[in-house]
Amino acid sequence: MPKAKRDVIEFKKRAINSLVLGIELFNRPHDRGRSESVLILLHHAFEMLLKAIIKDITGRVHT
């Protein structure tokens, strides 16, 4: 199995952190800003996962 690139690992860590924060915000006892903040963090998590996949396959994210 090939060694994972350092950037790919960082993208995955950021995705996990955003997902965990989104879950924490979703489970807050009050509703103020819940839906907006959860959607922003889930969007960021998904974006980081996509970047990790692209970086692992192509070796670069930006053209």
For L49, state whether it is touching a Gly at 6+ places or on another chain (Cβ under 6 Å), on the phi < 0 side of the Ramachandran plot and not in a loop (DSSP other than H, G, I, E, B).
no
When restricted to K12, K55, the only residue touching an Asp or Glu at 6+ places or on another chain (Cβ under 8 Å) and either part of a helix (DSSP H, G or I) or surrounded by 12 or more Cβ atoms within 10 Å (Cβ to Cβ) (or both) is K55
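Yes or no, residue by residue, for (1) in contact with a Leu (Cβ under 9 Å, 6 or more places away or on another chain); (2) β-branched (V, I, T):
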{"position": "F11", "(1), (2)": "yes, no"}
{"position": "P29", "(1), (2)": "no, no"}
{"position": "S37", "(1), (2)": "yes, no"}
{"position": "L42", "(1), (2)": "yes, no"}
{"position": "K51", "(1), (2)": "no, no"}
{"position": "T58", "(1), (2)": "no, yes"}
Taking the range 27-46 on its own, how many of its residues are part of a helix (DSSP H, G or I), surrounded by 11 or more Cβ atoms within 10 Å (Cβ to Cβ) and not hydrophobic (A, V, I, L, M, F, W, C)?
4
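Read-outs: derived from the displayed coordinates by stated rules, not from any lab. All values reported here derive from a predicted model rather than from experimental measurement. Methodologically, a virtual Cβ is constructed for each residue, glycine included, from the backbone with ideal geometry; neighbour enumeration extends over all protein chains shown.
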